[in-house]
């Protein structure tokens with residue numbers, strides 16, 4: 001929320017809405033980057049790690065937010081970008097000033113090769129991963145935007161500076177970090193060419209700089225020098241880490257990170273954006289993670305974040321089944337073992353927004369993608385149709401607090417247009433309606449918090465090959481819960497002779513369920529979700 005009338009959400013606006021978050025049942029608030037930044041990548045290009053972006057307020061505003069959150073029993077974690085900085089960071093300004101500058105090797109500089117880039121690596125944000133600096137005649141590496149030069153983590157002086165900064169924030173009393181792109185800190189020795197870069201173009205795999213051998217040595221040292229000395233929560237964004245490898249990142253014995261955000265289910269997003277959800281594949285992916293970390297580590301559970309379009313538009317049906325599909329998807333992931341994350345607006349069942357022209361896209365990846373597709377000869381209508389389904393701006397629209405002007409987000413025109421559905425999909429409307437998506441999320445949060453089996457219980461998948469129903473149990477000490485979710489637009493038939501369903505054991509549902517004696521089969525309506533108490537024996 002915008003508290004000062006400039007159209008940009010800010011720290012004061014978050015503080016003003018802490019009571020809403022407390023009412024919802026939120027325990028931890030994760031803030032995307034709030035540090036000083038020229039905003040090339042919405043704050044993920046940091047120019048000063050120990051100052052606040054002016055649009056968001058001041059350090060005093062942050063201190064007040066932290067104190068008010070703590071007063072309400074909530075914690076605050078910051079989004080920490082360790083892989084790269086902004087090209088306006090003083091470190092990089094010094095680094096690029098000359099080849100002999102003491103901070104030259106804080107970043108990754110290389111000579112060109114036969115008049116071209118040092119190697120054939122591509123940026124995750126499209127185009128080359130190298131930019132030539134004319135003043136010094138060398139190229140610098142940037143795995144993301146050209147304005148986000150990669151730091152060289154092989155440099156001990158750079159690492160020490162990072163640890164000093166991390167301790168500075170932890171000494172202020174923050175409650176931890178979400179660590180951006182942590183699996184990219186280690187690059188392949190010698191920075192060799194990719195053998196077949198075109199084959200990898202549309203595959204989310206970066207073998208020369210993602211989850212490389214040695215990256216955990218960096219994580220070890222980071223944790224040993226900083227995290228282990230504080231009672232905090234750490235969440236690593238760990239693309240490329242498999243379920244079997246995850247225990248090395250989050251296992252209690254290693255004391256590295258609290259949990260990681262895995263990317264495996266993102267592969268389902270990168271397929272045909274018009275295709276229905278592959279329910280069997282979703283079950284296979286989440287079940288691997290549940291089994292791999294049970295009793296050994298901890299999962300981070302999520303469906304949405306700032307890097308993805310809205311899950312309701314991708315896997316649900318906002319046009320015909322908004323409430324049912326939003327709550328079925330919520331039930332599916334929220335009651336697994338791990339810490340559930342909710343991205344702002346997800347608790348309202350927000351869908352993708354509406355874009356009228358390419359000029360409306362703000363995200364650096366979208367801008368690069370537009371340029372690339374135009375260079376390939378695609379017309380603007382084709383480009384708009386693709387980005388309308390896939391762009392990250394879909395999830396970054398202002399939070400709709402009411403049906404008033406600018407969705408109650410700001411008295412001024414917001415930095416991104418509000419989602420046109422805001423008159424129907426907003427906090428005020430849903431908070432006043434007990435049958436809303438918002439109230440369903442609140443009941444989910446309360447149920448999970450009250451039941452040890454939903455926190456520590458063992459996960460067991462049922463109906464593994466069923467193409468419509470995601471069914472699983474969570475059990476602890478002989479008692480537990482059965483979770484049933486039809487994730488399709490069609491009726492689905494549940495059958496399980498060992499787990500009879502009793503109406504008096506139903507604790508949560510997103511449809512009216514008629515009273516019945518114990519049965520072993522039922523018909524689930526489109527996007528119907530039910531949660532039953534069960535005896536594991």
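Identify, please: which residue in the stretch 479-496 is under 21 Å from residue 456 (Cβ atoms) and touching a helix residue (DSSP H, G or I) at 6+ places or on another chain (Cβ under 7 Å) and is, among those, surrounded by the fewest Cβ atoms within 10 Å (Cβ to Cβ)?
My answer is 479.
Quickly run through the stretch 59-99 and pick out the residues that are free of Cβ contacts under 8 Å to residues at least 24 places away in the same chain and closer than 19 Å to residue 10 by Cβ.
Scanning the stretch 59-99 gives 59, 60, 67.
Only one of (1) in contact with a helix residue (DSSP H, G or I) (Cβ under 8 Å, 6 or more places away or on another chain); (2) more than 30 Å from residue 130 (Cβ to Cβ); (3) not in a loop (DSSP other than H, G, I, E, B) fails for residue 50. Which number is that?
All conditions pass for residue 50, except number (2).
Looking only at the stretch 62-86, which residues are more than 12 Å from residue 173 (Cα to Cα), surrounded by 20 or more Cβ atoms within 10 Å (Cβ to Cβ) and touching a strand residue (DSSP E or B) at 6+ places or on another chain (Cβ under 7 Å)?
79, 80, 81, 82, 83, 84, 85
Restricting the stretch 441-483 to residues that are within 14 Å of residue 334 (Cβ to Cβ) and part of a strand (DSSP E or B), which is farthest from the chain's Cα centre (by Cα)?
Among them, the one singled out is 481.
Output the number of residues of the stretch 347-385 satisfying the condition of being outside any loop (DSSP other than H, G, I, E, B) and surrounded by fewer than 15 Cβ atoms within 10 Å (Cβ to Cβ).
Qualifying residue count for the region: 9.
Could you please give the count of residues in the stretch 270-285 that are surrounded by 15 or more Cβ atoms within 10 Å (Cβ to Cβ), in contact (Cβ under 8 Å) with a residue 40 or more places away in the chain and touching a helix residue (DSSP H, G or I) at 6+ places or on another chain (Cβ under 7 Å)?
2
Could you tell me which numbered condition residue 390 fails, if it satisfies all but one of (1) under 21 Å from residue 125 (Cβ atoms); (2) free of Cβ contacts under 8 Å to residues at least 60 places away in the same chain?
Unmet for residue 390, out of (1) under 21 Å from residue 125 (Cβ atoms); (2) free of Cβ contacts under 8 Å to residues at least 60 places away in the same chain: (2).
Since every read-out is calculated from the coordinates, none of them should be taken as a lab result. Values in this document were obtained by computation on a predicted structure and should not be read as measured data. With ideal geometry, Cβ positions are generated from the backbone for all residues, glycine too; neighbour counts draw on all protein chains shown.
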